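Notes to accompany the following structure.
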Amino acid sequence: MRQWRLQEVDEMSEQVKLQEALAKKAAFGNDIDLEKFDDNNEQHVQSTAELSAAGKERLEHVGIDLERENRSASFIQVDNAPIEAEVKAQLPLELMNTGAAAKKYPELVKKYWWNAVKADTDKYTAKTALEQEQGYFIRVKAGQKIAAPLQACVFIGHEEQLQRVHNIVIVEEGAELNIISGCASDPSVEKGVHIGISEFYVEKNAKLTFTMIHSWGENIAVRPRSVTIIEAGGHFISNYVCMEKVKDVQMYPTTRLVGEGAVARLNSILVAPEGSHLDIGGKALLEVPGTRAEIVTRTISTGGEIINRGNLTGRAEGIRAHLECNGLMLSDKGYISAIPELDAFTGNAELSHEAAVGRIAPEEIEYLMARGMDEEEATATIVRGFLNVNIEGLPEALAQKINDTLDTFTYNKGM
């Protein structure tokens, strides 16, 4: 009886903490009044076949293969209801809704649920923790290497929807997985909010490649919160691409390297058209000797606002990390703010950074024009080269799709 009462008190205390966090205004980024949006769990569609033609096109645009031909598994959530969680036969891979996984594996909840990301971090995490679990649970058992990518999609299909997602990804010792995450909204949706909480666990000598492509509507506000924990010998590659107009994105993913020899690489390509506000960064905490990290971000403003934050924190001897925050202004409107931070707590930490914001130098354009290009072609070539970040681990078809998007932007939108 006493043990039951202690548990009840703990649960009540946690609820109070979450309610207090929910009531506070956001301390970081523009505050959103969540009460103005619909957060019901109604399943509006049964399958992707019921989505509009424009909606399906948007999914394909963010790397989601509706035929599932070259995918090991597929998860799709529309608004706050999962409509698909399928794994190809015989693959040693688990994929299901987070709520279903919590019921199936109560022993995992204490170890993984709200461990990397604290539920009372801010109003957005608190809102997600207080509601019914949605999102995807992915687990690759020890030693298993999944060759084909797993695709995971969250999609807003209805006006003024508040979408809540809590994702748990576990790559056990020696396992490997490549995830393609497409986040989008139907073109008919003018206004909405997406909250995406993701907890990634890369265990000893495991490898996870996570590629996220955003294609939200022009008046969608996006609040991802993610933390990755990498154990000894683990390898984590994160790729993020956002090249279309979106009202407001605020995210600051954190990677904790807690095991010797752990490696993290975070790559981002950001384009902000007029009317977009992107407050995006990344933080790597190198907590033990022999860890390495690299954060590389390329930003372009064509009239929108970009705050590009990056932080490397070295807490152990013999760590190495590098940070690049480079921006290019292609309009007299908007702005780019690059905020690189290096924090060393030991004398034997190698932390470096490169930060630059500017315009295309006239002599660069003149050089290419002297070799036969017109001004528009020369400008597009320079912009394309600037955005050329080496994104590892992508399937050939998705890499080509990103390249095609870059080409379309540089030749049609960026001028």
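The values are calculated or read from the model by the stated rules, or taken from the named source; none is laboratory data. Nothing here was measured: the structure is a model prediction, and the numbers come from that model. Note that each Cβ is placed from the backbone with ideal geometry, even for glycine, and that neighbours are counted across all protein chains shown. SASA here: full protein model, heavy atoms, side chains in, ligands and nucleic acids out. Shrake-Rupley method; radii C 1.70, N 1.55, O 1.52, S 1.80 Å.
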> Of all residues in region 291-310, which are modelled with pLDDT of 95 or more and open to solvent by 30 Å² or more (accessible area, probe 1.4 Å)?
Replying inline: 292, 294, 305
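Among the residues of region 296-321, which ones are under 17 Å from residue 252 (Cα atoms) and of a type outside the set (A, V, I, L, M)?
Correct list: 297, 298, 299, 305, 308, 309, 310, 311, 313.
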>> With the structure loaded, tell me whether residue 199 is among the charged types (D, E, K, R), at pLDDT 95 or above, over 23 Å from residue 338 (Cα atoms) and surrounded by fewer than 23 Cβ atoms within 10 Å (Cβ to Cβ) or whether it fails that test.
In response: yes
> Using beta carbons and a limit of 6 Å, which pairs, at least six apart or on different chains, have the first residue in region 317-342 and in a strand (DSSP E or B) and among the basic types (Lys, Arg) and the second one modelled with pLDDT of 90 or more and open to solvent by 40 Å² or more (accessible area, probe 1.4 Å)?
Replying inline: 320/292; 320/350
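Being at pLDDT 95 or above and open to solvent by 30 Å² or more (accessible area, probe 1.4 Å) narrows it down to one of 219, 205, so name that one.
205
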> So which strands (runs of 3 or more DSSP E) stay within region 198-314 end to end and still have 1 or more residues that are over 21 Å from residue 355 (Cβ atoms) and either touching a residue at least 60 places away in the same chain (Cβ under 8 Å) or touching a strand residue (DSSP E or B) at 6+ places or on another chain (Cβ under 7 Å) (or both)?
Replying inline: 207-215, 220-230, 235-242, 248-251, 254-257, 263-273
> Can you tell me which residues in region 343-358 are open to solvent by 40 Å² or more (accessible area, probe 1.4 Å) and outside any loop (DSSP other than H, G, I, E, B)?
Replying inline: 343, 344, 350, 352, 353, 354, 355, 356, 357
> Does region 228-245 contain any residue that is touching a His at 6+ places or on another chain (Cβ under 6 Å), surrounded by fewer than 24 Cβ atoms within 10 Å (Cβ to Cβ) and closer than 19 Å to residue 150 by Cβ?
Replying inline: no
>> With the requirement that a residue be under 17 Å from the mean Cα position of the chain (by Cα) and open to solvent by less than 10 Å² (accessible area, probe 1.4 Å), what does region 249-265 give you?
In response: 249, 250, 255, 264
